[in-house]
């Protein structure tokens, strides 16, 4: 198992957000903590010129393992944009020697304002369009760029991490082209302990976002609004039992990445560093689970 991080843990949700940590500061920060593998985050946050990006990564002894495609998969009219993004991301990640394409669909709720922006449930026609788009992207990324597509269900997404929705998506896509990114914190929020579900679907899980969720989050949200970034906490301080989870992954011979991905949009820089460093030290220290960082 290999340890990585993502721009998401450093507050980056949108490539052009003026509040983003500068990309070079992100790379300096992750290298200083000890990470040697990263996700690219939203396309355009990191340099998109392969020569420039490779030089910047090599200077810091960092490898790029995953690129991100994000869009409204359930809208047929968006397919040309999705295909263009898939090919841009696929070409860049392949040039960097990466392995995966992380696919994220649209959402019915704005995760910054928490205002509803679309109906929560797709129609059957929209669901079929979404599933077809997921598989088409999976075929392009694998056949043309040698990358596995790992689909990431999201809270309030049109494929939510609720177990039934995720299972339906897996059942309706070709396992030769579509794998799953399991987000431990978001899965726990919807379903509780992810371990039984992980064991049942281990053959489709090729990427894991390690995210811990604060204790009693449902009770706290019932009393007051809490920004999405504050639902999550450094690994080991919340409700997810990572040692047991990692022991199970070791038994299952999991060979994908463990990505510290803490959804810290809007958090101050000092919290970004603290959460990432604490989570890195906790996860990399679980040697009994076979976790390492290719050192």
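When you go through (1) surrounded by 14 or more Cβ atoms within 10 Å (Cβ to Cβ); (2) in contact (Cβ under 8 Å) with a residue 60 or more places away in the chain; (3) over 18 Å from residue 13 (Cβ atoms) one by one for residue 238, which number turns out not to apply?
Against the list (1) surrounded by 14 or more Cβ atoms within 10 Å (Cβ to Cβ); (2) in contact (Cβ under 8 Å) with a residue 60 or more places away in the chain; (3) over 18 Å from residue 13 (Cβ atoms), residue 238 comes up short only on (2).
Taking the range 143-193, which residues are touching a strand residue (DSSP E or B) at 6+ places or on another chain (Cβ under 6 Å), free of Cβ contacts under 8 Å to residues at least 40 places away in the same chain and more than 18 Å from residue 130 (Cα to Cα)?
182 - this is the single residue of the range 143-193 that is touching a strand residue (DSSP E or B) at 6+ places or on another chain (Cβ under 6 Å), free of Cβ contacts under 8 Å to residues at least 40 places away in the same chain and more than 18 Å from residue 130 (Cα to Cα).
With respect to residue 262, determine if the residue is farther than 18 Å from residue 36 by Cβ, touching a residue at least 24 places away in the same chain (Cβ under 8 Å) and crowded, with 18+ Cβ neighbours inside 10 Å.
Yes; evaluated as a whole, the condition is true for this residue.
When you check residue 210 against the structure, is it touching a strand residue (DSSP E or B) at 6+ places or on another chain (Cβ under 7 Å) and modelled with pLDDT under 95, yes or no?
Criteria not met by residue 210.
Between a first residue in the range 266-295 that is more than 30 Å from residue 110 (Cβ to Cβ) and a second residue that is modelled with pLDDT of 90 or more and assigned to a loop (DSSP other than H, G, I, E, B), which pairs have beta carbons less than 6 Å apart while being 6 or more apart in sequence or on different chains?
282/235; 282/236; 283/235; 293/36
Buried (at least 20 other Cβ atoms within 10 Å of the Cβ), in contact with a helix residue (DSSP H, G or I) (Cβ under 7 Å, 6 or more places away or on another chain) and closer than 27 Å to residue 233 by Cβ, is that true of residue 180?
Against the criterion (buried (at least 20 other Cβ atoms within 10 Å of the Cβ), in contact with a helix residue (DSSP H, G or I) (Cβ under 7 Å, 6 or more places away or on another chain) and closer than 27 Å to residue 233 by Cβ), residue 180 qualifies.
Quick one: which of 25, 40 is at negative phi and surrounded by fewer than 22 Cβ atoms within 10 Å (Cβ to Cβ)?
Only one candidate passes the filter, namely 25.
The values are calculated or read from the model by the stated rules, or taken from the named source; none is laboratory data. Computed from a prediction, not measured in an experiment: that's the story for all the values here. Backbone-built Cβ (ideal geometry, glycine too); neighbour counts: all protein chains shown.
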